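S.K.: First the structure, which I've put down as structure tokens, then a few questions once you've had a look.
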Amino acid sequence: MLNFFRNGGGDQRLTAYILISPAIILLVIFMVVPFLRGIQLSMTNQQFTGAEADNVGLENYDQILSVGLMELPPRPEAYPDRRPSVGWYQSSDGSAQFRWRTRAVDDSLDTIYDGLERYREYEVSTLVNLFGTDYALMMKEPLFWTSLRNNIIFALVVVPVQTALALFLAILINQKLPFMNVFRTTYFSPVVTAMVIIAVVWSFLYNPQFGLINEMIGVFGLGPYDWLQHPSSALPAIIIMSIWQGVGFQMVIFLAGLQDIPEDLYEAAGIDGASIWQQFRFVTLPMLRNTMIFVVLTTTILSFRLFDQVNVMTPDGGPENSTATMVWFAIRRGWGNGEIGFASAVSVVFVGIVLLISIAQRMIISSESALD
Amino acid sequence: MKRIGLFSVVLSLMLLLVLPATAQDTTEISLWFHSGQGGERDELDNQITAFNEMQDEYEIVPLEVPEGSYNDQVRAAALSGDLPCVLDFDGPFIYSYVFAGDLIPLDDYVTDEILEDTLPSIIAQGTVDDTLYSLGQFDSGLAIWGNRAMLDEAGVRIPEGIDDAWTLEEFNAAMDALAEVVPDDGYVIDFKFSYTGEWYSYGFGPQMRSFGGDTINRDGYDTAEGVLNGPEAVAWGEWLQNLFDMGYATATPVDPDADFTEGRVPLSYAGHWVYNLYQEAIGDDLVLIPQPDFGNGAVTGMGSWNWGITSSCESPDGAWAFIEFLMQPENTASMADANGAVPSRISALEADDRYGEGGDLYIYRQQLEQGVAVPRSQTAVYPTISTAMETAVNAIARGEDVQEVLDSAVDEVDSAIEAME
């Protein structure tokens, strides 16, 4: 048996296939097949109820991705007392808003406002005023775009902050001081705890009445804040807890990278008169380059997959959907409303977006290395 | 050698234990139920054990599924063909299950004795298109729990029955008066915002209806436009939002049950399921206040968890034998004892002092028998109404624009109706 694996020549190829086959089989069964099935489902209107599904082609994608800019009719002199189904009204905060309830209108919308009929299936997302004319940014599925926006904000904050913090912590715990293992274990412990448990604990910490965080900032005369109930603070609150939870993982990878740097480089730099900062800038950072690339790529992908903490802390997508994310959106539509076909299409779009971002990152990083 | 000897002894013992069980001719019947409150769960366990012991033709094999996502899991199981034989489910979901063909009719099994002695609301809940699909051991009761000592201190009138229920003005005045007597870390009314899922449709749908709105247009069930986001529904939303703005209610309670039992909040809007807990904690101070009339007549929720047989069941006779056992008056009575609900067998209800005039739970019976209780929307898109209401009520409590919140809820319900067509 041993000879079989050791044999050179033509047998080597066979050996290689045998050795990789378990991995390939598992990969095909659990990754490739479900993904292909997802693409197939995304072109149907499959429902959870098990009713026969029809092929709808690219309709789901059209629903998700359709965006339009609609020129609105001029604002009226006086706003109506009751909000019209379609038209201008004054919202409770005094601003002018455009209500667009096309389902409430039986006849052609063109009889009310000329040229708006083709936006019947759209919803108003944001009003913009360009050169004195009001426009409405229209989408068929505004919540998808809100989710995408939240994902991007989350990634833009979490990737740089978490990477920098992880590097800082890794340098701290890389010193040869007593009890260093205690600190390493402490920083790493949130990573091994289940995210759901951490999210439950943090929703208590953020509680406006009894939460520890409000108690603590109350000492300095701040707050109390409705962390998870206010549209401007809900996503930041989730960002803070996510960084706290995830930073230990990147820290350990940086630590491994730091310990790979030969000590004599620092000695040589020290003899050349390099200060601590210069040693960090010209020895540590360049030597950590590959570690850094790995950390940035994985953090980006992980931050786009944001779901667990959002679903536990703000199960309904947060105030004004400020914590809705793409995965949350797919699960709400698929699992909550039973629209499996539509949710599959959302997942496919999601994979496409993450793939594009990863490829773009790789291209930027490799073009930088060409400059070196 | 010694070790092998011991091993074979153990093995033959195990075989001896296993053999008689496989030799017997029992049919296993799978069953799913929602993992609700402790007392209810234990009582069901007892009844399953009793059923398994009293006969040896069938054996019920129960599986407990978490309540928060119960309906989602049932639908996932339906899609993959893994439904159990006997299924319990919350009343209004019956329309979507029947629409999907997941349940079989019970008409051929049910006896006249059961039909005549069961609350009409239970029969109505289990009937779709004149066909009976499900039966339940109990109906739900929904009204406002009050702390008599705190209400008296604030000088708030406690209604005797449904005929002198609070009006909207009286309710609002009670809020202001009670705000004066609650402790610093307290609030006036607990709306159970610690719950997730079905609660928001069950609990707040009736309030909306009492204001004149509803969760769907019940005339044809083909849209929610103009009803769920009409002026009456908006009036309800603004009223509810004001209670949160004034600090009378909280959307972020940590342990609302304890807030009531420990005297931090004088009113608690919750169903029958908290009765035993509250009763043990504050005893004679516990009062049940009938659902107020918010302008369009008092309305409350009804319907509760009930049992059906799925179309994938291979031994529906056994499944029925179990449901029939559950529906025996003494079993509905002991379940109602365990969870504070209204027993579905009329004979059990009449034998229960708590439902007699002056009894702790008499209001529930009045509400059910005199038309205050209204079923939830009888439509196959009910699951979407349920999630849309959960989102909307939470958004309103957080202070978002009521009209916009309800418009989005309509969009969600109406697109589900369109997807169904």
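The values are calculated or read from the model by the stated rules, or taken from the named source; none is laboratory data. Source: prediction; values computed, not measured. Every residue, glycine among them, receives a Cβ derived from its backbone with ideal geometry; neighbour counts consider all protein chains shown.
S.K.: Let me spell it out: the conditions are (1) under 23 Å from residue B:226 (Cα atoms); (2) more than 11 Å from chain B (Cβ to nearest Cβ); (3) in a helix (DSSP H, G or I), and residue A:103 meets all of them except one. Which number is the exception?
M.R.: (2)
S.K.: Go through (1) over 21 Å from residue A:165 (Cα atoms); (2) under 23 Å from the mean Cα position of the chain (by Cα); (3) away from chain B (no Cβ under 12 Å) for residue A:223 and report which single condition fails.
M.R.: So residue A:223 meets the others, but not (2).
S.K.: Here is a follow-up. How many of the residues in region B:55-89 are away from every other protein chain (no Cβ under 14 Å), exposed (fewer than 14 other Cβ atoms within 10 Å of the Cβ) and in contact (Cβ under 8 Å) with a residue 40 or more places away in the chain?
M.R.: 2
One line per residue, one yes/no per condition, for (1) crowded, with 21+ Cβ neighbours inside 10 Å; (2) assigned by TED's automatic domain parsing to the domain that holds residue B:93:
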| position | (1), (2) |
| --- | --- |
| B:116 | no, yes |
| B:119 | yes, yes |
| B:122 | yes, yes |
| B:127 | no, yes |
| B:131 | no, yes |
| B:153 | no, no |
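Residues checked against (1) surrounded by 15 or more Cβ atoms within 10 Å (Cβ to Cβ); (2) within 14 Å of chain B (Cβ to nearest Cβ); (3) closer than 30 Å to residue A:201 by Cα; (4) within 13 Å of the chain's Cα centre (by Cα):
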| position | (1), (2), (3), (4) |
| --- | --- |
| A:261 | yes, no, no, no |
| A:265 | yes, no, no, no |
| A:276 | no, no, no, no |
| A:292 | yes, no, no, no |
| A:309 | yes, no, yes, yes |
| A:322 | yes, yes, yes, yes |
| A:361 | yes, no, no, no |
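S.K.: Quick check: is even one residue across region A:149-164 closer than 30 Å to residue A:67 by Cβ and within 14 Å of chain B (Cβ to nearest Cβ)?
M.R.: Looking for residues that are closer than 30 Å to residue A:67 by Cβ and within 14 Å of chain B (Cβ to nearest Cβ), one finds none in region A:149-164, hence no.
S.K.: So if I check each of A:68, A:38, which one is over 30 Å from residue B:233 (Cα atoms), at pLDDT 90 or above and touching a strand residue (DSSP E or B) at 6+ places or on another chain (Cβ under 7 Å)?
M.R.: A:68
S.K.: Residues B:234, B:227, B:265: which one is among the hydrophobic types (A, V, I, L, M, F, W, C), crowded, with 20+ Cβ neighbours inside 10 Å and over 25 Å from residue B:415 (Cβ atoms)?
M.R.: When all the criteria are applied, what remains is B:265.
S.K.: State the number of residues belonging to region A:318-368 that are within 25 Å of residue A:41 (Cα to Cα), not aliphatic (A, V, I, L, M) and not in a helix (DSSP H, G or I).
M.R.: Qualifying residue count, region A:318-368: 4.
S.K.: Same structure, new question: Please state which one of B:114, B:122 is touching a residue at least 60 places away in the same chain (Cβ under 8 Å), assigned to a helix (DSSP H, G or I) and farther than 14 Å from residue B:306 by Cα.
M.R.: Criteria check complete, one pass: B:114.
S.K.: Take residue B:120 and decide whether it is out of contact with any Asp or Glu (no Cβ under 9 Å at 6 or more places or on another chain), away from chain A (no Cβ under 14 Å) and of a type outside the set (S, T, N, Q).
M.R.: In short, no.
S.K.: Can you confirm whether region A:231-240 contains a residue that is touching a Pro at 6+ places or on another chain (Cβ under 9 Å), modelled with pLDDT of 90 or more, within 13 Å of another protein chain (Cβ to nearest Cβ) and surrounded by fewer than 15 Cβ atoms within 10 Å (Cβ to Cβ)?
M.R.: Among the residues of region A:231-240, at least one is touching a Pro at 6+ places or on another chain (Cβ under 9 Å), modelled with pLDDT of 90 or more, within 13 Å of another protein chain (Cβ to nearest Cβ) and surrounded by fewer than 15 Cβ atoms within 10 Å (Cβ to Cβ), which makes the answer yes.
S.K.: Give region A:75-95 a look and list any residue that's without any contact (Cβ under 8 Å) to a residue 24 or more places away in the chain, more than 11 Å from every other protein chain (Cβ to nearest Cβ) and not in a loop (DSSP other than H, G, I, E, B), or say none.
M.R.: A:88, A:90, listed by residue number.
S.K.: Separate question: Checking residue B:268 against (1) touching a strand residue (DSSP E or B) at 6+ places or on another chain (Cβ under 8 Å); (2) within 14 Å of chain A (Cβ to nearest Cβ); (3) of a type in the set (Gly, Ala, Ser): exactly one of these is not met. Which one?
M.R.: The one condition residue B:268 does not meet is (2).
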